[in-house]
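Report on the structure given below.
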Amino acid sequence: MSDAVNARGGRDESYDEKMDRNWAELLQELRVLQTGVQILAGFLLTLPFQSRFETLDDFQIALYLGNVVLAALTTALILLPVSAHRRLFRKGLKDTLVASADRIAKVALAGVALLSVGTSTLVFDVTAGRSAGVTVGAGLLAVLLVLLVLIPNRLRHKAARD
């Protein structure tokens, strides 16, 4: 394998081919995120139509509404790279699109994590009590920080050392 191929990560592809591949991979990741957000948002949107919804206290209603807003914002974030692509199509800015979509995907991951924490906290709060809701929410937040931040950072540092 030539040095030029090794310098590009072991792939024999042009810069444009690399950007196209990176863009396609990012879009696939965003599709996966979108499905998760849609499921959680759909669940949240059905809650007001349940008879027990009327018994929610102020904290639970605020948490519910916060989750609905977070679901809408996370959905918009996931759609942002596609919208930007439509507006920048054929402008020769694929590297800008890939770099910005990478950052947007990281923020969207955080949105999905917070939405999972918030929704779980709400469900546990309503069904098992406030202390159970807060405990589960805090525990899930800690686990998601490990899974979505600490482990990827360790993998990145390990790869840099190797």
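The values are calculated or read from the model by the stated rules, or taken from the named source; none is laboratory data. This structure is a prediction, so every number in the text was calculated from the model and none was measured. As a convention, Cβ positions derive from the backbone with ideal geometry for all residues, glycine included, and neighbour counts pool all protein chains shown. The protein model used for the area step is the full one, side chains on, heavy atoms only, and it has no ligands, DNA or RNA in it. Shrake-Rupley method; radii C 1.70, N 1.55, O 1.52, S 1.80 Å.
Over the C-alpha atoms of the chain, what are the Rg and the largest Cα-to-Cα span, Dmax, in Å?
For the chain, the Cα-based Rg and Dmax read 20.1, 68 Å.
Which ³J(HN,Hα) values, rounded to whole Hz and listed in residue order, are derived for the stretch 85-91 from phi using the Karplus coefficients 6.51, -1.76 and 1.60 in 6.51 cos²θ - 1.76 cosθ + 1.60 with θ = phi - 60°, glycine and proline given as x?
Here the 3J(HN,Hα) series is 4, 4, 7, 10, 3, 6, 9 Hz.
Could you tell me whether the stretch 72-162 comes out rounded, prolate or oblate from its Cα gyration tensor? Rule is a ≥ b ≥ c as square roots of the eigenvalues, rounded for a/c under 1.5, then prolate if a/b exceeds b/c, otherwise oblate. It would help to have the intermediate numbers written out before the result.
Working: a/c = 7.11, a/b = 1.58, b/c = 4.50.
Cα axes put the stretch 72-162 in the oblate bin.
Per residue, how large is the accessible surface of the chain? Use a 1.4 angstrom probe and give square angstrom. Intermediate results must be reported in sequence, preceding the final value.
Values: 10460 Å² over 162 residues.
Result: 65 Å² per residue.
For labels at PHE89 and HIS157 in the simple 7 Å Cα→Cβ model, what's the distance in nm?
4.3
Could you look at the stretch 16-162 and say what percent of its accessible area is carbon and sulfur, using a 1.4 Å probe and all protein chains?
Details: 6080 of 9240 Å².
Ligands and nucleic acids excluded, carbon and sulfur reach 66 percent.
Could you pull out every one of the lysines with an alpha carbon less than 19 Å from that of LYS18, ignoring same-chain neighbours closer than 8 positions?
LYS91, LYS94
With a cap of 16 neighbouring Cβ atoms within 10 Å, and only residues DSSP puts in a loop, list the GluC sites (Glu not before Pro) found in the stretch 1-108. Write out the running numbers ahead of the final one.
Numbers: sites: GLU13, GLU17, GLU25, GLU29, GLU54; in loops: GLU13.
Filter output for the stretch 1-108: GLU13.
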